[in-house]
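Below is one structure, written out as structure tokens; comments come after it.
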């Protein structure tokens, strides 16, 4: 096996380097787009060679490359949301790479004075079905709520479902929440939620760019079956020391950043919960003794070379949650995330090749301490050490070849007890090694093709996933205003979470390696779509999808003793249609979406709906820059009822504290709930409106922003659940005003 792996790697590297010798019959333009004020990279910037059809969009880290340029002097126009458009001259020579660093100046938000949006270069043949991109400027324009939360903002993406106001957990196209890969600077985050899932651990203040793949993602991503959320943090101010702080009805947070020598920078951020009264609103005014925090740092160094781009960075992240109840009959909760990583990025001199190598550690520890409550104890520890490298070669034809490998050492320990009192303790430690390769065919304006595969050479569990995971993503432009898109792929998942569908609020979902007595789950995606470019700034996209999930791991509800398995094998399927209308002008952003979706789960021939199966879903958002530093946003949400398990009745059940030594001769009676078949009922429809207003201003030497928002403006009584012991109705968020004050030095 080792000989085959070495041979495959050698062949891949030889293909990349030998192909570069025969490319570059014309010239290339390569560079990075940064903020003039801070030196921060500007991802997804638009670069256009005026007078030609050549252009590019910067990647997540602000880098771009345009190949196949005839030798000449060109005017290069660069634009980015919230920045003044800039034009520079670039001299392109045959068989050479011209490297530039382009600085853009932030635009003041005064509509009568500046252009907020620059001219956009939209590569029409990009195979990007199912992909959503958000820059930091777009993140800032998201509806605020109590405070901006990236995970909660995903609900504006059609195909993404939630289980209500009280959870930031999201479910994509019929897949479970554990089927979503969350990457922070390329590192897996195993518990990305604060406060029992109410908020994400990712503070938007630390984020520079977001990519979200809701299906059909290409070969470089592995380990999950539904979606990929790729988050890249800011590098920090490279020109001066600065800081900011903010306080809201939920948290207090701050950041400090500045230069390291002439070519480096650092960023430190922190956030802590402050007001548990706000959290009580999320839990129907119940006691909520929550405490949570998150901390992050990043340090970077860029080379000063004018012929190559080199960047070395280290980053770290930590978050923690505690729920300590003084009442001994209520359980305590405690969990911690820790992440550390280092990355070396290299744009090679004189050849159009990028490479990136990283090493990382991601760990998670969580525990449920029942005390005298009826909650069952659980303890989970996860450790993930990953080493990976990839190479990207861009040809003169604009085609791209990308190859890489991923080596992962994973360890998990799980202790739990089921409803019958049976205890399970399992530990797993294994090695995973995979390689991937893909080719992006982009040489023609009308056709774009991304085709590749992953190879799982060493797998974590005893039952291996598919050896090959082929994937295809296609775009064909029928007319300049109409594109046909499609994707197909196979995706496996060797790590799963323990999910109990009977829990109304999913408090704790521990991770473990798929047990050896089960087959590894895998999904097959089928996606088709249309993209209409109606007028300048107005785009309509529609997608249909079918997802078949095999070998799902389901909790064994019939487990009676220790020899019975904890999981049984099942399957699932999901299909639906999605529509999204987006309109952007220099001062207005409108996003509207509609989803029609179906999801089913099959366990031993018994078919049921998962709790996140929502038939109809509508989201609307209008955000406007109103001038003089004012910004306003209105959002509206609608969805048809979610499934729930109905209560058929009650009976008095006899309980004994101790069968032989009880002082009560005959024990005692308590009501016992009789449930109907799982999730056959449907809750009423859900709808809600939120509004927010932000004012940016300068006071003395401080840049300040004051935001005010109202959740559930018309106080809709949206049902959350019925208490099973009393039958009492519990509603979601009521009318809830909040405010946030931010100060930047």
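The values are calculated or read from the model by the stated rules, or taken from the named source; none is laboratory data. Bear in mind the structure is a predicted one, so any value in this text is a computation, not a measurement. A quick note on method: Cβ atoms are made from the backbone with ideal geometry, for glycine too, and the neighbour counts reach across all protein chains shown.
Every residue, every condition in (1) more than 30 Å from residue 431 (Cβ to Cβ); (2) touching a residue at least 40 places away in the same chain (Cβ under 8 Å); (3) surrounded by fewer than 16 Cβ atoms within 10 Å (Cβ to Cβ); (4) within 26 Å of the chain's Cα centre (by Cα), yes or no:
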{"site": "472", "(1), (2), (3), (4)": "no, no, no, yes"}
{"site": "485", "(1), (2), (3), (4)": "yes, yes, no, yes"}
{"site": "497", "(1), (2), (3), (4)": "no, yes, no, yes"}
{"site": "510", "(1), (2), (3), (4)": "no, yes, no, yes"}
{"site": "513", "(1), (2), (3), (4)": "no, yes, no, yes"}
{"site": "534", "(1), (2), (3), (4)": "yes, yes, yes, no"}
{"site": "549", "(1), (2), (3), (4)": "no, yes, no, yes"}
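So is residue 530 modelled with pLDDT of 85 or more, within 30 Å of residue 585 (Cα to Cα), exposed (fewer than 15 other Cβ atoms within 10 Å of the Cβ) and assigned by TED's automatic domain parsing to the domain that holds residue 384 or not? Spell out how you get there, then give the answer.
Numbers: modelled with pLDDT of 85 or more: yes; within 30 Å of residue 585 (Cα to Cα): yes; exposed (fewer than 15 other Cβ atoms within 10 Å of the Cβ): no; assigned by TED's automatic domain parsing to the domain that holds residue 384: yes.
No: the conditions fail for residue 530.
Based on this model, can you work out whether residue 575 counts as outside any strand (DSSP E or B) and either buried (at least 18 other Cβ atoms within 10 Å of the Cβ) or touching a residue at least 24 places away in the same chain (Cβ under 8 Å) (or both)?
Values: outside any strand (DSSP E or B): no; either buried (at least 18 other Cβ atoms within 10 Å of the Cβ) or touching a residue at least 24 places away in the same chain (Cβ under 8 Å) (or both): yes.
In short, no.
Output the number of the condition that residue 733 fails; it satisfies all remaining conditions of (1) farther than 30 Å from residue 254 by Cα; (2) modelled with pLDDT under 85; (3) within 30 Å of the chain's Cα centre (by Cα).
Result: residue 733 passes all but (1).
Out of the residues in the stretch 675-704 that are exposed (fewer than 12 other Cβ atoms within 10 Å of the Cβ) and under 30 Å from residue 613 (Cβ atoms), state the one that is modelled with the lowest pLDDT.
677
Tell me, yes or no, whether the stretch 582-593 has at least one residue that is surrounded by fewer than 16 Cβ atoms within 10 Å (Cβ to Cβ), closer than 30 Å to residue 131 by Cα and under 21 Å from the mean Cα position of the chain (by Cα).
Yes, the stretch 582-593 contains at least one residue that is surrounded by fewer than 16 Cβ atoms within 10 Å (Cβ to Cβ), closer than 30 Å to residue 131 by Cα and under 21 Å from the mean Cα position of the chain (by Cα).
Among the residues of the stretch 596-620, what is the count of those that are buried (at least 20 other Cβ atoms within 10 Å of the Cβ) and within 21 Å of residue 534 (Cα to Cα)?
Final tally of qualifying residues: 1.
Suppose we filter 439, 444 for residues that are over 18 Å from residue 381 (Cβ atoms), modelled with pLDDT under 95 and surrounded by fewer than 21 Cβ atoms within 10 Å (Cβ to Cβ); which single one remains? If you could, list the steps in order and put the result at the bottom.
Values: 439 fails: modelled with pLDDT under 95.
After ruling out the rest, the residue left standing is 444.
Which one is modelled with the lowest pLDDT, of the residues in the stretch 279-297 that are buried (at least 20 other Cβ atoms within 10 Å of the Cβ) and under 15 Å from residue 252 (Cβ atoms)?
Top of the filtered list is 279.
Anything in the stretch 386-411 that is in contact with a strand residue (DSSP E or B) (Cβ under 6 Å, 6 or more places away or on another chain) and in a loop (DSSP other than H, G, I, E, B)? List them, or say none. I'd like the intermediate steps shown before the answer.
Filtering the stretch 386-411 for residues in contact with a strand residue (DSSP E or B) (Cβ under 6 Å, 6 or more places away or on another chain) gives 386-394, 396-411.
Result: 396, 397, 398, 399.
Determine whether residue 448 is touching a residue at least 24 places away in the same chain (Cβ under 8 Å), under 25 Å from residue 494 (Cβ atoms) and out of contact with any helix residue (DSSP H, G or I) (no Cβ under 6 Å at 6 or more places or on another chain).
Details: touching a residue at least 24 places away in the same chain (Cβ under 8 Å): yes; under 25 Å from residue 494 (Cβ atoms): no; out of contact with any helix residue (DSSP H, G or I) (no Cβ under 6 Å at 6 or more places or on another chain): yes.
No; evaluated as a whole, the condition is false for this residue.
So which residues in the stretch 315-346 are modelled with pLDDT under 90 and more than 25 Å from the chain's Cα centre (by Cα), if there are any at all?
Keep residues of the stretch 315-346 that are modelled with pLDDT under 90, which gives 321-335.
Passing the criteria: 323, 324, 325, 326, 327, 328, 329, 330, 331, 332.
Are there any pairs, at least 6 apart or on different chains, whose C-beta atoms fall under 8 Å, with the first in the stretch 339-358 and surrounded by fewer than 16 Cβ atoms within 10 Å (Cβ to Cβ) and the second not in a strand (DSSP E or B), and if so, which?
From the stretch 339-358, the pairs are 349/305; 349/307; 349/308; 350/96; 350/307.
With the requirement that a residue be touching a strand residue (DSSP E or B) at 6+ places or on another chain (Cβ under 7 Å) and closer than 30 Å to residue 245 by Cα, what does the stretch 699-731 give you?
Of everything in the stretch 699-731, those that are touching a strand residue (DSSP E or B) at 6+ places or on another chain (Cβ under 7 Å) and closer than 30 Å to residue 245 by Cα turn out to be 702, 703, 704, 705, 706, 707, 708, 709, 710, 711, 712, 713.
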